[in-house]
Amino acid sequence: MAFVDKNVNSNLREPSRRRRLPEAARENILGAAEAMLISDGPQSLKLADVARAAGVSNATVLHHFGSITEVQTALMERMVRQLVDEVLMINEHTADSAQSAAEGVTALFDAFEAKGAARLAAWLELTGEARRLTLVRSAVREVIDARVGQYARVPAEALEDFMLASITMALAAGLFGPTLADLMGKPKGRTREVVLSLLLARLQQAIAAV
């Protein structure tokens with residue numbers, strides 16, 4: 001019988017599973033939790049379910065976060081940061097024209113509808129964590145200030161009111177739009193189309209009036 005040097009073979013063998021770095025492991029868990037929040041809502045964020053979705057054990061989730069509550073807190077902060085980045089990108093629309101304004105409003109809707117932002121906002125409000133939206137307020141303030149400079153003829157207060165209405169409607173459309181459209185026998189995106197058309201018509205009237 002031939003002699004096999006097991007030590008040589010073991011040295012050549014690659015480990016079947018590499019250990020994830022802590023940052024990568026946390027990101028994997030938060031990514032899974034975010035997908036669950038968007039798909040099934042905050043009630044789905046239970047320890048066992050998040051661990052299963054991330055492909056790790058319950059103990060691994062607890063090792064990196066301490067509790068499912070801390071997972072939820074980290075997810076809130078992560079999604080708020082993403083939302084802030086989306087809002088700030090609106091300032092890339094700089095041309096002084098009605099078309100640019102329309103693109104800016106549409107981008108605002110995209111930002112507040114993307115990645116479950118409407119569900120996130122509702123979750124924060126219902127759990128008494130709305131203070132976490134302070135970063136979003138700062139980002140919106142930056143966008144408003146940029147718009148005030150861009151449309152100097154439009155009163156700043158009117159722009160602020162318009163932004164308030166846009167955010168409110170974007171959140172409502174993102175949270176209830178598909179359900180309400182379905183109840184009324186309309187296509188899934190019809191709520192967004194109707195609300196956007198009303199907002200853009202109002203914006204064009206404000207610009208034309210000055």
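The values are calculated or read from the model by the stated rules, or taken from the named source; none is laboratory data. Quick caveat: nothing in here was measured; it's all calculated off a predicted structure. Ideal geometry is used to build each Cβ from the backbone, glycine not excepted, and the neighbour counts take in all protein chains shown.
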Checked the range 162-204 for anything within 18 Å of LEU120 (Cα to Cα) and among the β-branched types (Val, Ile, Thr); matches are ILE167, THR168, THR179
Among (1) modelled with pLDDT under 85; (2) over 19 Å from MET89 (Cβ atoms); (3) among the charged types (D, E, K, R), the one test that GLU142 misses:
(2)
Which ones in the range 21-56 are small (Gly, Ala, Ser), closer than 21 Å to ARG132 by Cβ and in a helix (DSSP H, G or I)?
GLY31, ALA32, ALA33, ALA35, SER44
Which of the following residues is closer than 20 Å to LEU171 by Cβ, in the same structural domain as ALA114 (by TED's automatic domain parsing) and surrounded by 16 or more Cβ atoms within 10 Å (Cβ to Cβ): LEU88, LEU37?
LEU88
Tell me, please, whether a residue that is outside any helix (DSSP H, G or I), outside the structural domain of VAL136 (by TED's automatic domain parsing) and either touching a residue at least 60 places away in the same chain (Cβ under 8 Å) or closer than 16 Å to LEU124 by Cα (or both) can be found in the range 57-67.
no
Residue count, the range 166-207, condition under 19 Å from the mean Cα position of the chain (by Cα) and in a helix (DSSP H, G or I), comes to 14
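Please go through the range 18-45 and pick out each residue that is aliphatic (A, V, I, L, M), farther than 17 Å from ILE68 by Cβ and at pLDDT below 90. Break it down stepwise before answering.
Taking the range 18-45 and keeping what is aliphatic (A, V, I, L, M), we get 21, 24-25, 29-30, 32-33, 35-38, 45.
So of that shortlist, the ones also farther than 17 Å from ILE68 by Cβ come out as 21, 24, 38.
Scanning the range 18-45 gives LEU21, ILE38.
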